[in-house]
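J.: Below you'll find the structure I mean.
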Amino acid sequence: MIEHYFNKIDIEFNYNPDQLGYVVDFHLNKFPTLENAKIAIIGVHEDSNIVRSQLYEHSIGSQLKNQIVDLGNIAASDQNEILAALELVISELKELNIMTIVLGLRMPYINALGRGLKDHYKEIEISYVSPDLVGIKKENDNHFFSLPDVAIKQIHCLAHQIHFVSPDVSLIIEKDQFSQLRLGELKNTIENVELYLRESQLLLFDINAIKTSCAPGKIRVNPSGLNSDEACQIARYAGMSDDISCFGLWGFEPSLDARDLTASMCAQILWYYLDGITNRKNDKPNLHNEFVKYRCDFSEHNTPILFLKSKRTSRWWMKIEHPAEPENSDLAITIPCSYDDYMVAANGETPERYLNALKLLK
């Protein structure tokens, strides 16, 4: 049983029926029952308790009753033991179809999240919110490429600032054709973040991506970055994704956190993630047939694009045939897209998202 990997929670609890903490099953006198749980919250360090205290004071969503368990903090201090425990716990929870939120995460432990999911997916897509994208630097022992037994389909690099991104990381992004939405682009069209999160299984959110005025309790001092509203919107989009099953939040440094402002910021991010989960619609082309279909034909040199618009949520997808074998439906891919992509194609032009997807097919 995974209960052996956790310490009991050592904080005071006195929540009223209007607060989220009132409906959470905590690891206090006994380990929570996982039978009906849908969301598990776990901590890596005792620092997680500060964020817990802020989160559980927030208002309750009626759909969350009897669905959240807080398992406590990992009962290990050695780095290798923490890595092993995280991997096993996340894998076991995924086996039970329970989504996991990891608090107090540190950079050395992010790979454990991917390894914990590897047996449950053929390929993994990772959405990575970070100002510097250091996690994909190959000289870093903690980079995503130190997952030789994990098949990574795509890494979506979000909210990074190019003046923080080293040239070798930029080359990796270009060489491996990772998708990216830089901070400026994200701020101009924040709704496009949802396209990257929609089919990700793992979200890694570095608090350092938020500007210091909104989150002072972190190592990087940065006058620019995500504001609090944008961070919460990203989290809500992530919660609405039908695929994300693990959310790792890290970068919080309590010793630098004046008046617990960053802890409160973390708590709000998590609250909006939970709110997004309550709004999941099981809305993917492989899950239902409630779609309006639009076909855009080009010249004889271009493969037609089939667009799908969901009747449930009005979200868009495009189906792309393999250019070498367009008749082979097994080689075709369906990717999230926007209404703007459809309008570009409807006007006889080729959407950039389509061209980028073609590169992955070749």
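Derivation of every value follows stated rules applied to the coordinates shown; laboratory data play no part. Note that this is a predicted model, so its numbers are computed, not measured. Glycine gets a Cβ as well: all are built from the backbone with ideal geometry, and neighbour counts include every protein chain shown.
J.: Please report the relative contact order for the stretch 291-361, taking Cα pairs under 8 Å with a sequence separation of at least 6, and give it as a percent rounded to a whole number.
T.: In percent, rounded to a whole number, it is 23.
J.: Roughly speaking, what is the stretch gain from K187 to V221, that is 0.36 nm per residue apart minus the C-alpha to C-alpha distance, in nm to one decimal? Don't jump to the answer; show the numbers that get you there.
T.: Details: separation 34, 0.36 × 34 = 12.24 nm, distance 1.97 nm.
Full-extension gain reported as 10.3 nm.
J.: If you project the alpha carbons of the stretch 209-340 onto the principal axes, what extent comes out on each, in Å, largest first?
T.: 62, 31, 24
J.: Write down the Kirkwood hydrodynamic radius of the stretch 174-265, to one decimal in angstroms, obtained as one divided by the mean of 1/r over all alpha carbon pairs.
T.: When all Cα pairs of the stretch 174-265 are included, the Kirkwood radius is 14.0 Å.
J.: May I ask what percent, to the nearest 5, of DSSP beta bridges between residues of the chain are antiparallel?
T.: Among the beta bridges of the chain, antiparallel pairing accounts for roughly 35 percent.
J.: Output the 0 to 90 degree angle, nearest 10, between the alpha-carbon long axis of helix 352-361 and the longest principal axis computed from the alpha carbons of the chain.
T.: Long axis of 352-361 versus the principal axis of the chain: about 90 degrees.
J.: If you stretched the chain out fully between D149 and L360, how much longer would it get, using 0.36 nm times the residue separation minus the C-alpha to C-alpha distance?
T.: 73.9 nm
J.: To the nearest 20 Debye, how big is the dipole of the stretch 291-361 about its Cα centre, given +1 on the beta carbon of each Lys and Arg and -1 on that of each Asp and Glu?
T.: 520 debye
J.: If the convex hull of the alpha-carbon atoms of the chain is projected onto planes in all directions, what is the mean projected area in square nanometres?
T.: 18.7 nm²
J.: Right, next: Calculate the FRET efficiency for I162 and D330 from the Cβ-Cβ distance with a Förster distance of 41 Å, rounded to the nearest 0.05.
T.: After rounding to 0.05, the efficiency reads 0.60.
J.: If you don't mind, another one. Given H placed on each backbone N at 1.01 Å, which residues far from F252 in sequence or on other chains put an amide H within less than 5 Å of it?
T.: Amide H to amide H, under 5 Å and 5 or more residues apart or across chains, F252 pairs with I207.
J.: Just to check I understand the Karplus step: with θ = phi - 60° and J = 6.51 cos²θ - 1.76 cosθ + 1.60, what whole-Hz values come out for the stretch 219-228, glycine and proline as x?
T.: 5, 7, 8, 9, x, 10, x, 5, 8, 5
J.: Can you flag which of K38/K94; K8/K38; K293/K319; K8/K30 are past 18 Å Cα-Cα?
T.: Too far apart for the 18 Å limit: K8/K38.
J.: Taking the Cβ of G72 as the center, what net charge do the other residues with Cβ under 12 Å away carry, scoring Lys and Arg +1 and Asp and Glu -1? It would help to have the intermediate numbers written out before the result.
T.: Working: positive: K8, K30, R52; negative: E3, D10, D25, E46, D70.
Local charge sum for G72: -2.
J.: Let me ask something additional. If a paramagnetic tag sat 7 Å from the Cα of M107 along the Cα-Cβ line, which residues of the stretch 202-233 would have the backbone N under 20 Å from that point?
T.: 203-212, 215-226
J.: Can you tell me the relative contact order of the chain? Whole percent, Cα pairs under 8 Å, sequence separation 6 or more.
T.: The value is 13 percent.
J.: Quick one: helix 79-95 against the long Cα principal axis of the chain, what's the angle to the nearest 10°, folded into 0 to 90?
T.: Around 60 degrees separate the two axes.
J.: Okay, moving on. Quick one: which of 74-80, 289-295, 241-247, 96-102 comes out on top by average Cβ neighbours within 10 Å, and what's the full order, highest first? Write out the running numbers ahead of the final one.
T.: Values: 74-80: 13.1, 289-295: 11.6, 241-247: 21.3, 96-102: 19.1.
Output ranking for 74-80, 289-295, 241-247, 96-102: 241-247, 96-102, 74-80, 289-295.
J.: Gain in length, S77 to K281, computed as 0.36 nm per residue apart minus the alpha-carbon separation, to one decimal in nm?
T.: Working: separation 204, 0.36 × 204 = 73.44 nm, distance 3.95 nm.
Between S77 and K281, full extension yields an extra 69.5 nm.
J.: Ranked highest first by the average count of other Cβ atoms within 10 Å around their residues, in what order do 203-216, 35-48, 8-21 fall?
T.: 203-216, 35-48, 8-21
J.: Right, another one. Once the Cα gyration tensor of the stretch 291-361 is found, what semi-axes does its equivalent ellipsoid get, as square roots of 5 times the eigenvalues, in whole Å, sorted largest first?
T.: 18, 14, 11
J.: In whole Hz, what ³J(HN,Hα) sequence does the stretch 274-279 give by Karplus (6.51, -1.76, 1.60; θ = phi - 60°), x for Gly and Pro?
T.: Karplus values, whole Hz, x for Gly and Pro: 4, 4, x, 4, 5, 10.
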